[in-house]
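Have a look at the structure below before the remarks.
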Amino acid sequence: MSTTELPRLRSGTGRWILLATILGSSVASLDATVVNIALPRIGDSLDTDVAGLQWTLNGYTLTLASFILLGGSLGDRLGRRKVFIWGTVGFAIASVLCGAATNIEMLVAARILQGVAGAMLTPGSLALISSSIDQRDQGAAIGLWSGFGGVAGALGPFLGGWLIEVAGWRSIFFLNVPLTLVVVLVALKHVPESRDPNAVTRLDVPGACVVAGALGALTFGLIDSMPLLVGIGVVLLAVFVVIEVRSDHPLVPPSLFGSRVFTAANLVTFAVYAALGGVFFLLVLELQLVAGYSPLLSGVATVPVTLIMLVLSAPAGRWAQRHGPHLPMSVGPLLAATGLVLLLRIGPDTAYLTDVLPGVLVFGLGLSVLVAPLTGAVLGAVPSSEAGIASGVNNAVARTAQLLAVAALPGLVGISSAFSDPAAFDDGFVSAMWICVGLLVAGAVLAAVLLRPARHVPVLDNVDCLPQCAVAGPALAPAHSEE
């Protein structure tokens, strides 16, 4: 189908395509947000400790981070609509298994399957807009996709917290079924199929399997304090690098890292998103276990972060487009780190207006300054023909950082078995937040040293700062994935 044959956004078909992609990406975004809020209730219901809750999050993030690039490649080769629908159906089935879980092992297994489905669903939503909407309307379509994704991220804590209190934690998974049914029906009837005619015929299955094994070994080793598994994971990562260098169809093209800006942006991404993974995992637990907040109130507590990013991310992106990403990527993490220091006031009998809100506001301001310029740096560092794979790699780096942070932090600060001891958890939370402060400062230093000021760095005016995040709170991701 040529560009002139693609539907305009104002047409009936264009609106149906937008509905399917927005609803599909929002399902994954809402699920990530709400699961984090439900963790204390899940822990009580399934009689598990912090390690079980770590796996509840990381089971999903592990397979999502491992296979998201492979999922995008499958869509390019087999059909973007087809793979998008496969992912949506798989997500619904896995959600039912999550809601029906009778023990933590069953829940984690279902979350692992949910991550595999998410790896097909997540990259397909934006790819369908890029391939199915007339080029003249793609900017507006992406802007609407981004905006409604942000609204979903803001509504998630309200809806999820209310559902958990009224109908229990299982309801947050069963809610996915009717939503995904609408997505499948609309996609089958109204979304045209598309493929990449220039896509290579072979997939980098060995690379995907090796990196999945590496991340699995690292996650298991960090959560259960098993150095041997951590070592195996490191070795497998080295094997993955060798595979990618030697492959003629690599999952992660090594040539991308020939760009100093691309390499630097991904190093900053890893440091910053490791901090975000730890913050949003532990903050909601701290609010519920130590401060005594309900699931609804603990979810609502972080909503200002989402709202601030909705308002300020676009101006930050435009500023970076004119002046370059160096300053915002250096200052943003420092502001976010300051917000974390303010959040250390949280404890028993916490008052939201004085002990929580100031830290949340400064933290959200820091993320607003940082995320859009980071996206612009990634996309501006490579030719436009490689923007899809570049953003996909950056997305995978962010999710991997979150995965490893959630796996490592509880053990490092001694709260792996402190789920039933609020005082011990509070002490561990303070230590963990200082580690996250250090990661954010490291990200700021990396940006200041490695990213020289540039006169012009391209950035999407409607950069989406709020798509699917596999960890928690306001959904955060560094770049669109069009692969």
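The values are calculated or read from the model by the stated rules, or taken from the named source; none is laboratory data. Everything numeric in this text was worked out from a predicted model, so none of it was measured. As a convention, Cβ positions derive from the backbone with ideal geometry for all residues, glycine included, and neighbour counts pool all protein chains shown. Each accessible area value is taken on the protein alone, full model and side chains, heavy atoms only, with ligands, DNA and RNA left out. Shrake-Rupley method; radii C 1.70, N 1.55, O 1.52, S 1.80 Å.
A few comments on the model shown:
- Flag if Ser73 is farther than 22 Å from Phe174 by Cα, without any contact (Cβ under 8 Å) to a residue 24 or more places away in the chain and open to solvent by 10 Å² or more (accessible area, probe 1.4 Å): no
- Checked against the criterion of being under 30 Å from Val437 (Cβ atoms), open to solvent by 30 Å² or more (accessible area, probe 1.4 Å) and touching a residue at least 60 places away in the same chain (Cβ under 8 Å), the candidates Phe262, Phe257, Phe270, Phe280 yield just one match: Phe270.
Condition check ((1) more than 21 Å from the chain's Cα centre (by Cα); (2) at pLDDT below 90) across all residues:
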{"site": "Gly339", "(1), (2)": "no, no"}
{"site": "Leu342", "(1), (2)": "yes, no"}
{"site": "Ala351", "(1), (2)": "yes, yes"}
{"site": "Ser368", "(1), (2)": "no, yes"}
{"site": "Ser384", "(1), (2)": "yes, yes"}
{"site": "Val393", "(1), (2)": "no, yes"}
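- With respect to the conditions (1) assigned to a helix (DSSP H, G or I); (2) β-branched (Val, Ile, Thr); (3) more than 14 Å from Ala275 (Cβ to Cβ), Val406 lacks only one, and its number is (3).
Results for (1) open to solvent by 50 Å² or more (accessible area, probe 1.4 Å); (2) at pLDDT 90 or above; (3) within 17 Å of Thr400 (Cβ to Cβ), shown as yes or no for each residue.
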residue: Gly207; (1), (2), (3): no, no, yes
residue: Ala214; (1), (2), (3): no, yes, yes
residue: Ala217; (1), (2), (3): no, yes, yes
residue: Ile223; (1), (2), (3): no, no, yes
residue: Leu229; (1), (2), (3): no, yes, yes
residue: Leu237; (1), (2), (3): yes, yes, yes
residue: Phe240; (1), (2), (3): no, yes, yes
residue: Asp248; (1), (2), (3): yes, no, no
residue: Leu251; (1), (2), (3): no, no, yes
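- Of the residues in region 45-67, at least one is open to solvent by less than 10 Å² (accessible area, probe 1.4 Å) and farther than 27 Å from Gly414 by Cα.
- Residue in region 114-133 that is touching a Gly at 6+ places or on another chain (Cβ under 9 Å), modelled with pLDDT of 85 or more and open to solvent by 10 Å² or more (accessible area, probe 1.4 Å) present: yes
- Residue under evaluation Arg81, criteria (1) free of Cβ contacts under 8 Å to residues at least 40 places away in the same chain; (2) open to solvent by 10 Å² or more (accessible area, probe 1.4 Å); (3) not hydroxyl-bearing (Ser, Thr, Tyr), criterion not met: (1)
- Some residue of region 159-180 being hydroxyl-bearing (Ser, Thr, Tyr) and closer than 18 Å to Thr33 by Cα: yes
- Among the residues of region 314-345, those that are polar (S, T, N, Q) and either open to solvent by 40 Å² or more (accessible area, probe 1.4 Å) or in contact with a Pro (Cβ under 9 Å, 6 or more places away or on another chain) (or both) comprise Gln321, Thr338.
- Selection count where residues are open to solvent by 50 Å² or more (accessible area, probe 1.4 Å), at pLDDT 85 or above and not in a helix (DSSP H, G or I), scope region 167-205: 2
- Selection from region 27-39 of residues that are open to solvent by 10 Å² or more (accessible area, probe 1.4 Å) and either of a type in the set (D, E, K, R) or more than 21 Å from the chain's Cα centre (by Cα) (or both): none
- Listed conditions (1) under 28 Å from Val393 (Cα atoms); (2) within 21 Å of the chain's Cα centre (by Cα) are all met by Gly52, apart from (1).
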